[in-house]
1. Every residue in region A:24-75 that is within 16 Å of ligand 1 (Cβ to nearest atom), open to solvent by 50 Å² or more (accessible area, probe 1.4 Å) and farther than 29 Å from A:TYR231 by Cβ, please.
2. Only residues that are among the small types (Gly, Ala, Ser) and either open to solvent by 60 Å² or more (accessible area, probe 1.4 Å) or assigned to a helix (DSSP H, G or I) (or both): list them for region A:128-143, please.
3. For residues that are part of a strand (DSSP E or B) and within 13 Å of ligand 2 (Cβ to nearest atom), scanning just region A:20-75, find the one that is farthest from A:LEU188 (Cα to Cα).
4. Restricting region B:120-139 to residues that are closer than 15 Å to B:TRP53 by Cβ and touching a residue at least 40 places away in the same chain (Cβ under 8 Å), which is surrounded by the fewest Cβ atoms within 10 Å (Cβ to Cβ)?
5. Considering each of B:SER146, B:SER132 in turn, give the residue that is away from chain A (no Cβ under 14 Å), within 19 Å of the chain's Cα centre (by Cα), of a type in the set (S, T, N, Q) and farther than 30 Å from A:VAL68 by Cβ.
6. May I ask you to say which residue of A:VAL170, A:VAL213, A:VAL194 is over 26 Å from A:PRO70 (Cα atoms), of a type in the set (A, V, I, L, M) and out of contact with any Leu (no Cβ under 8 Å at 6 or more places or on another chain)?
7. Return the residues of region B:85-95 that are open to solvent by 70 Å² or more (accessible area, probe 1.4 Å) and in a helix (DSSP H, G or I); say none if nothing qualifies.
8. Among the residues of region A:77-127, count how many are within 16 Å of ligand 2 (Cβ to nearest atom), under 21 Å from A:THR186 (Cβ atoms) and part of a loop (DSSP other than H, G, I, E, B).
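The values are calculated or read from the model by the stated rules, or taken from the named source; none is laboratory data. This structure is a prediction, so every number in the text was calculated from the model and none was measured. For neighbour counting, all protein chains shown are included, and Cβ atoms are generated from backbone atoms with ideal geometry for every residue, glycine included. Note: accessible area is taken over every heavy atom of the protein model, side chains too, but ligands, DNA and RNA are not part of it. Shrake-Rupley method; radii C 1.70, N 1.55, O 1.52, S 1.80 Å.
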Amino acid sequence: MLEVEGLAVGYGDLLAIQEVSFNVQKGEVVSLIGSNGAGKSTLLRTISGLLRPRRGTIRFEGEPIHTVAPYDIVRKRISMVPEGRQLFGRLSVWDNLLLGAYGLDNRGEIDTALDDVVKLFPWLPERRNQRAETLSGGEQQQVAIARGLMSRPSLLMLDEPSLGIMPKLVTEMFETIDAIRKKGMTVLLVEQNVFEALSISDRAYVLQTGRIVLQGKGEELLQSDLVRQAYLGM
Amino acid sequence: MADQLLQQVVNSLLIGSVYALVAIGLTLIWGVMNVLNFAHGDFLMIGMFISFWCYTLLKMDPLFSIPVCAAALFLLGAGIYRFIISKVMKGPGLAQLVVTFGVSIFLANLAVMLWTPDFRLIEKPLLSGTWSLGSVQLSIPKFVASVGSVVVSAAVLLFLKKTRTGKAILAVEMNRDAAQLMGINTEKINSLSFGLGSALVGIAGAFLSMYYYIYPQVGGLFGLISFCIVALGGFGSIEGAFIAGILIGLVQTLGGYFFDPAYKYALVFLVYLITVWIRPQGLMGS
Ligand SMILES: Nc1ncnc2c1ncn2[C@@H]1O[C@H](COP(=O)(O)OP(=O)(O)O)[C@@H](O)[C@H]1O
Ligand SMILES: [Mg+2]
């Protein structure tokens, strides 16, 4: 479904991503793990069109997309929930959701998308008029995920969804991701909560200073020495 | 004494609301793309001249030139964005400043060349005369310009808060990257916002042409005042610009009344300086 090949992305003189190749198959949950500054966000931002690669290709459903503008990428059914949520703080919860469906032009499809996200987060309609910035961190993250789903993506990319939310809600967050994948969604997940991420992933890639150093099945990586030492502190 | 004071307050509101409309156009452009349009005052001048020539050549009253000015300035603003400013958007902020400054000088000089530096006035507008409300004299054209400015400002706010496109503009203003991820074409929103902000100053130009002198340099003072209003209200805040516009109207008129009219603009800038010193983000800025 998604194929990244020989990708290099930089900021000025700095190459944040070097020679990265990986793929995501339809229906999979694939995790990208790695410590702070490894280049995970850079990679997701490049796939979503916000950054342009220096080298390499990104294909989605066989079609090259690395020169497509971000506002057209989402119309190809790739949606990203960015790191730090990035909600439209002074707009209402509902307006945030509707903006998520900005690329859809069929009223019926927007209604279906709303139904789907309300099933996932039943509290949304009661708080529809609340300004997004007044929600708690966990609630904001749920709105961010709901907003990302409003474009009815076939590939959902999540950048550190557990960042900045209360520890006891982190488990709930991973249950949500699991619920989304059970509906047939393909998910590319970036996480620093390595144990939880690997537990719900089919496959994972480990990123270190812009390169993929390890890849494998979720449970395999959980057993690997590198992951156990570097990320699980075992 | 009390009567005179009341008269001054009324005068403040009459000019303050027009200032507010001019400043809302400027703050909208700033909010969406962080470009300070130094040519904003000159856009006002162009609007006033369009109204003047509609009156002189086509016998069209300024009241009926309002949509003409709005449409012409929309096209001018969107065009200047698309063909000039968008080209330097990726460069340093200074480049954008220099470009809009250049447009400002160009338009003012073009106006002198085409229309001479003379002061002109629309001699017999449809609306003229004054109403006497007790001791207060209310100039009819100023009153209509003021009410019109409030109505147009409210309409803009309603458009931004209630329509799909308006919300997309607000989304770009709040978070450009996130807006793109939603599928909002930010280039289109930039053009649209530049056009809309310019249309608002065009409408203000049509209103002002009903009672104000029209000359190529008229934009300079209005431009400067609208910068103060935008900074005072908080860069990008529409509500802030409206309140600050009224406030500046009060300072200017009451200052001229209590001190010397010669100092009225100095007072405006003084109030601006004090406010940004105490509260650099402006009244409604975050
Ligand atoms: N806007 C930016 N400008 C310059 N360097 C950046 C920028 N964003 C990230 N970087 C650098 O790129 C590298 C990768 O960052 P990032 O992709 O955010 O890592 P991660 O998401 O894995 O924490 C880091 O060295 C970081 O400092
Ligand atoms: Mg990151």
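1. Hit for region A:24-75 is A:ARG52, nothing else.
2. Going through region A:128-143, the residues among the small types (Gly, Ala, Ser) turn out to be A:132, A:136-138.
Scanning region A:128-143 gives A:ALA132, A:GLY137, A:GLY138.
3. Out of the qualifying residues, it is A:ILE33.
4. B:LEU121
5. On the way: B:SER132 fails: within 19 Å of the chain's Cα centre (by Cα).
Unique residue meeting the criteria: B:SER146.
6. It is A:VAL170.
7. Here is the first cut: in region B:85-95, the residues open to solvent by 70 Å² or more (accessible area, probe 1.4 Å) are B:87, B:90, B:92, B:94.
Within region B:85-95, B:LYS87, B:LEU94 qualify.
8. 2
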